[in-house]
1. Which whole-number value in Å³ per residue fits the convex hull of the alpha carbons of the stretch 235-372?
2. Give me, ordered by chain and number, the residues 5 or more places off residue 176 or on other chains with an amide H under 5 Å from its own placed amide H.
3. Order the peptides 109-119, 342-352, 141-151, 429-439 from the highest to the lowest mean number of other Cβ atoms within 10 Å of their residues.
4. Under the Karplus relation 6.51 cos²θ - 1.76 cosθ + 1.60, θ = phi - 60°, what is the ordered set of whole-Hz ³J(HN,Hα) values for the stretch 335-349, x standing for Gly and Pro?
5. Convex hull over the alpha-carbon atoms of the stretch 185-255: what's its volume per residue in Å³?
6. Counting other beta carbons within 10 Å of each Cβ, put 243, 201, 374, 156 in order, fewest first.
7. For each of 339, 666, count neighbouring Cβ atoms within 10 Å of the residue's Cβ, then give the residues from fewest to most.
8. Under Stokes-Einstein, with the Kirkwood radius over Cα pairs standing in for Rh, what whole-number D in µm²/s applies to the stretch 121-226 at 10 °C and 1.306 mPa s?
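Every number here is computed from the coordinates shown, using simple stated rules; none is lab data. Since this is a predicted model, take the numbers as computed values, not measurements. We place every Cβ from the backbone using ideal geometry, glycine too, and count neighbours over all the protein chains shown.
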Amino acid sequence: MMSGTKANLSTNEQLSKNPYLKLDKIELREYQLKLASKSSLKNSLIVLPTGLGKTIIALLITAKSLSVYPPTSKILFLAPTRPLINQHFQTFQNLLEFPEEEMVILTGKTTPSKRKELFIENRILFYTPQTLRNDIIMGRYDLKDVCLIIFDEAHHAFGDYAYTTIADEYIAQNQGSIILALTASPGHSKERINELCTNLHIPLENIHIRTRGDKDVEDYIQSMEIEKIGTSLNPLMIDVRKHIYSILEERLQFLAQLGFLKVKTDLLHEKIIRKDLLRLKGELIGILQTQGDKSDVYSAISINAQALILYHIVLLIEQQGLNTLLIYLEKLLKEAKKYNSSKAVRSLGNEYRIKKLFLKLRQIQDKDPKLLEHPKYELLRETILEELNFNDAARILVFVKLRASVKNLVSKLKKLGPIRPVRFVGQSNVSKKDKGLSQKQQIEILKDFKDGSYNVLVSTNIGEEGLDISECDLVVFYDIVTSEIRLIQRKGRTARHREGKVVMLYCKDTQDEMYLRIAESKLRKMNKNLKNKGTLRKFIKSTRKPKKEPNINPKKPNRKIPPKDQQSKLMKFTKLKSKQKETSQRDSYVIIGTSLSMKYGIRKKLQKKGIEFETKDWNYHIIINQKVLLQIFSGNKVNTKKLLRFKANEEKNFDLIIIICDFIEYKEGIEGEKRIIKRDLKQFGEENKIKIIPIDIPEEFYFILENIIAKIDG
């Protein structure tokens, strides 16, 4: 626990006259001082609309913490992306009266040994959360000298996201220190807001909320005009969608005949939505794990995967246009020819109606490409030109879901005189023709956008959050998102310091229109919850359970587990329950090793199910009750001698060892190679009494774990 006297310095006057602030550069507002005063020296969540200065509040609380905590204490500022961290670092450099040589940015680009050195040397540290979490888990340093952690964009603090682990470990090591969580969008439901606060150890009385309607912020709120413009699919799009629906309907009827769809109707595609198929996917995997090898289940999994692809194709038609669909179908047909492509992709790639549709669209592309454009493009063009005609210095931000559409729109908009568009996407490379932008390139583009070299930024969701995009006069949603958080983030790119406008383009009688209704409903629900603060606190108080203290051990433990009696492992496994009740109050106690990849989503799923788990820095992947070990081996590098050595070394430590062979990213050299390897592994396991289970998707791993826990709990 942090030592040091905490004086009562929570008045607005003391905050505003803090010697650590460059007061000549800061325009302090009354509500910022009030919120900072209420949030100083206690864990707090501040919900404040975008553009009202959450960073300034963080700066005020940082200055106060520097005043009241010992000079050896440290302050950590966390944000989801490197560009956002750089932005906060620059703000603190400009507005904080503090030695620059004691402030530093630490990200994954800094080597672990250097991060440890810089952590010791500096007092204010800016992190991407994954970097800090990794350092804590690996025991490179602890948080005992940290007096304040600021979690920016705190709505990320769910499931396996690094914020939750960091908050748990911080409180466990240093209960006398402070958490400050900042967000404009905590979530639409009371349950989600409660979960956010629980994950970050924030008491209900320390939730501080301002909405656009509150009196003390209304003078600083810029007006935001919101316009929704709907269009309709053209006849060609309707015809193409009809053909896809007919192919989809066949797949859905097949699933219904197998008994996996409960809905019985002549037109299943009108009743079944994508969410239903995602749920069915999980159920099918569960059936495989509990009932063994069933040919109809494998068939259903493949057909279900085809149906999901077809739903995606429908969404492309409705949201993006036939030109984007043409690009997608070309990739699908190429992928289908590869040896390592999935059965679902091969089946659709060999579907003659898909091939016929592709050829038809390509012919139209060659003759009259405008026929493949989505009608929304014309609305976008008119909207941008109208804004530039009204204000030739306007800055316009266009949000688009897919990178292929970003590229397509920029290419078309470039041909229009006053429009100077630029493509803005993330760092990952999708293909040789679709390369990502480095952080340096992103920053350069934003600078050029601010300076006026470009006046239209066409962006994927990377522009929604975490980048210092200059004030925009107009924000256009080329497609609709269902998340109220993303809706708020998008809107927040305008009307920050001057009036702004938001235009939402959607397609009538499609999923686009449905998404718009869902997003607006969630937003209304969130605003209602935030306005009725008393009701929100009452709900949280009635539902909150004490958060169990975490047990995340950054120090390397003794890897040896006391040996058990050497009787039949499978026989002992079925009898574990009675023994565990004698030794532990927790039947299903799970330890997850830090070496377990995050791609399986195990931590998030366990947390969602309310199953307690501990994280330890060792090479074991998952241990249940110190008796059952689940260890993953890559299907690409499986070595039977290595498996035998592993079994020989570890069988004295566990009642049961289950080897999980991961074939998720396996690339076949020849068709059927994976199936042969799985068969050989099964035979090898039976001959050597090793339990080996292959998996093809991440969800299978969790189902294995869940079934073992269920057996232990009886």
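1. 109
2. Correct list: 2.
3. Peptide ranking by packing, descending: 141-151, 342-352, 109-119, 429-439.
4. 4, 5, 7, 7, 5, 8, 6, 6, 4, 5, 5, 4, 5, 5, x
5. About 190 Å³ per residue, rounded to a whole number.
6. Arranged by neighbour count, lowest to highest, 243, 201, 374, 156 become 243, 201, 156, 374.
7. Lowest count first: 339, 666.
8. Translational diffusion coefficient: 102 µm²/s.
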